[in-house]
Amino acid sequence: MKTPRQYRIDQIIPAHGWTAGFVRLDTGDRIEVPLVAWALARSECLHGYGPVVGVLAAEGGTELCEETDPGFLGYLPPPGAPGGELARARAQSLAATIMTDLEGKRMRKAR
């Protein structure tokens, strides 16, 4: 697993209707978690401004959507938004690929 980057947040804006897609690696279920904001992040390892990252509600506050999570599928626009159906189809396909790869690794390990 990749190490999460350290960010400093310089600005946030609302993320109305956007979600972060994940696949649960233990069950294969695909879930969408609502974003509460987008954050303009700064990272020393990126020498200045880095990506705009999603902010999720978390127990006791908020946290950045960790794009290094192996089950992260991507950001999904609100239903009905241009490109939304394509983004969801791409996330579904990626979820299937991740689970197929994971099952292959488990089978090789069991040998």
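Please treat every number below as a calculation from the coordinates, not as lab data. Just so you know, these numbers come straight off a predicted model, no measurement behind them. Heads up, the Cβs are rebuilt from the backbone with ideal geometry, glycines too, and the neighbour counts pull from every protein chain shown.
Per-structure values
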quantity: Packing-based ranking, highest mean first, of 89-97, 58-66 given that Cβ atoms within 10 Å are counted; calculated: 89-97, 58-66
quantity: Amide hydrogen neighbours beyond the local backbone of Val36, cut-off 5 Å, H modeled; calculated: Val55, Leu56, Ala57
quantity: Whole-number percent relative contact order across the chain, with pairs defined as alpha carbons under 8 Å at least 6 apart; calculated: 26 percent
quantity: Phi to ³J(HN,Hα) by Karplus 6.51 cos²θ - 1.76 cosθ + 1.60 over segment 33-40, Hz, x for Gly, Pro; calculated: 10, x, 8, 9, 6, 10, 10, 7
quantity: Neighbour-count order for Arg111, Arg8, Arg30, fewest beta carbons within 10 angstrom listed first; calculated: Arg111, Arg8, Arg30
quantity: Hull-based mean projected area of segment 8-110, where the convex hull spans the alpha carbons, in square nanometres; calculated: 8.3 nm²
quantity: log₁₀ of I(q)/I(0) at q = 0.14, 0.15, 0.26 Å⁻¹ - segment 54-111, Debye sum with one point per alpha carbon; calculated: -0.57, -0.63, -1.03
